[in-house]
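Here's the structure, in structure tokens; my notes come after.
The values are calculated or read from the model by the stated rules, or taken from the named source; none is laboratory data. These numbers come from a predicted model, not from an experiment. Because the Cβ atoms are built from the backbone with ideal geometry, glycine has one as well, and the counts that use them run over all protein chains shown. Heavy atoms of the whole protein, side chains included, go into the accessibility calculation; ligands, DNA and RNA do not. Shrake-Rupley method; radii C 1.70, N 1.55, O 1.52, S 1.80 Å.
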Amino acid sequence: MSDETQPNHIIGVAVRQGDLVICLPKPNRHHDCIQYAVEVLGLKPPIGAPARDQGIYPADGTCESTT
């Protein structure tokens, strides 16, 4: 079964900073979310720390922690 036919296949990664969640599609990685948060949104590191603030998001739009 391909990813496209599975209802909750992973479509991207996410990091959380307070109430803000930065989600980017595949093939991005968590460090790409952090870089986006710093360079585009102007947030100050650390972002996505601790590890529970890093996760994935499936096609249904829910975010899940990777820890």
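So the values come out like this:
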item	result
Label point distance in nm, Lys44-Leu20, each placed 7 Å from Cα along Cα→Cβ	1.3
Sum of -39500 (n - 2.57) over DSSP H runs of 4+, divided by residues of the chain (222 nm, nearest 500)	-4500 deg cm²/dmol
Gain on full stretching of the segment that runs from Asp32 to His9 - 0.36 nm per residue minus C-alpha separation	6.3 nm
Where the chain is the region considered: accessible area per residue in Å², 1.4 Å probe	66
Peptides 42-54, 9-21 ordered by average Cβ neighbours within 10 Å, highest first	9-21, 42-54
